[in-house]
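The values are calculated or read from the model by the stated rules, or taken from the named source; none is laboratory data. These numbers come from a predicted model, not from an experiment. Reconstructed Cβ throughout: ideal geometry from the backbone, glycine too, with neighbour counts over all protein chains shown.
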Amino acid sequence: MFAPHDLVTIEVWARFHGLSQTSLRELCARAHVYPHDVHSCARLLRAVTLARGHGGVADDYLDVADARTTKRLWCRADLKTPLGRMTADQFINGQQLVTDHQIRASVLAMLRR
């Protein structure tokens with residue numbers, strides 16, 4: 001979420017955090033979440049947060065070549081593309097990619113720091 005650019009693949013996401021893909025996948029397995037879901041959630045949360053703070057719409061902060069990809073990301077999260085300014089709380093509590101309540105609470109606590 002704090003990346004200077006959209007981390008478009010799990011490999012790039014892992015590298016940004018100083019991990020191998022294998023290590024990242026192992027961490028996700030220990031937390032009982034799917035890496036692809038967490039990655040998509042992180043990308044969307046970053047986009048929502050930047051749109052709220054800097055203006056524009058969340059889609060503006062996703063590095064995608066095709067609008068179908070963006071639509072697919074929002075559909076996977078079980079959200080429609082936000083036309084207004086969704087808050088991080090609204091996104092975390094509304095998305096269906098990461099549903100574990102402890103993880104959601106931890107993410108929200110981190111955002112409030």
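Only one of (1) surrounded by 15 or more Cβ atoms within 10 Å (Cβ to Cβ); (2) closer than 19 Å to LEU97 by Cα fails for LEU50. Which number is that? LEU50 satisfies every listed condition except (2). Number of residues in region 53-79 that are part of a loop (DSSP other than H, G, I, E, B), over 14 Å from GLN96 (Cα atoms) and not aliphatic (A, V, I, L, M) equals 4. Residue selection: THR70 satisfies the criterion of being of a type in the set (Val, Ile, Thr), surrounded by 17 or more Cβ atoms within 10 Å (Cβ to Cβ), in contact with an Asp or Glu (Cβ under 7 Å, 6 or more places away or on another chain) and modelled with pLDDT under 95. On the stretch given as region 25-39, residues that are in a helix (DSSP H, G or I) and either touching a Pro at 6+ places or on another chain (Cβ under 6 Å) or under 15 Å from ARG104 (Cβ atoms) (or both) total 4.
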